[in-house]
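Reading through the structure tokens given below for one structure.
The values are calculated or read from the model by the stated rules, or taken from the named source; none is laboratory data. These numbers come from a predicted model, not from an experiment. When we count neighbours, we look across all protein chains shown, and the Cβ atoms used for this are built from the backbone with ideal geometry, even at glycine. Ligands, DNA and RNA are excluded from the accessible area calculation, which covers all protein heavy atoms including side chains. Shrake-Rupley method; radii C 1.70, N 1.55, O 1.52, S 1.80 Å.
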Amino acid sequence: QVQLVESGGGLVQAGGSLRLSCAASGSRFSTLMMGWYRQAPGKDRELVALISKGGSTHYADSVKGRFTISRDNAKNTVDLQMNSLQSKDTGVYYCKATRLGGTSWGQGTQFTVSQ
């Protein structure tokens with residue numbers, strides 16, 4: 001079982017930047033597919049970005065060019081750098097780890113983009 005702990009949420013003004021981090025433990029991090037998901041108020045959870053164990057990335061169309069996902073296998077962390085934030089980016093952001101044995105989710109971190 002992989003344990004995931006997100007951090008970095010808070011309040012940010014529109015147009016600003018924020019960096020989220022997810023720390024993993026309990027499994028060999030370098031073998032995990034990692035991802036960030038978000039859930040806006042009243043909406044379903046949706047994919048934001050993925051990064052494979054080899055470093056390949058995939059982004060939702062809504063965040064392409066604004067968000068960057070990265071991983072540090074030495075520190076067992078995956079980060080999400082978010083720039084040019086918009087009110088529609090508000091929500092709870094979750095870290096997800098995928099491996100052959102299943103998936104694990106973090107508890108989520110909330111941030112709000114204010115106008």
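Some points to look at:
- Residue among A74, A14, A97 with the largest mean-square fluctuation in a Gaussian network model of the chain, springs linking Cα atoms under 10 Å: A74
- The number of Lys pairs in region 40-115 with C-alpha atoms less than 24 Å apart, excluding pairs fewer than 8 positions apart on the same chain, is 10.
- GNM top mover of G101, G55, G91 - the chain, alpha-carbon springs below 10 Å: G101
- Exposed trypsin sites (Lys or Arg not before Pro) absent - longest run of the chain, DSSP non-H/G/I/E/B, at most 14 other C-beta within 10 Å: 76-115
- D by Stokes-Einstein for region 13-63, Kirkwood Rh over Cα pairs, 4 °C, 1.567 mPa s: 100 µm²/s.
- Comparing L11, L47, L80 in a Gaussian network model of the chain, where Cα atoms under 10 Å apart are tied by springs, the biggest mean-square fluctuation is seen for L11.
- Fully extended contour minus Cα-Cα distance, from Q107 to T57, at 0.36 nm per residue: 15.7 nm
- Charge dipole (Cα centre; +1 on Lys/Arg Cβ, -1 on Asp/Glu Cβ; no other charges) of the chain amounts to roughly 200 debye.
- Scattering curve values for the chain, log₁₀ I(q)/I(0), Debye with Cα scatterers, q = 0.22 Å⁻¹: -1.22
- Solvent accessible area, Å² - S114, 1.4 Å probe, full protein context: 40 Å²
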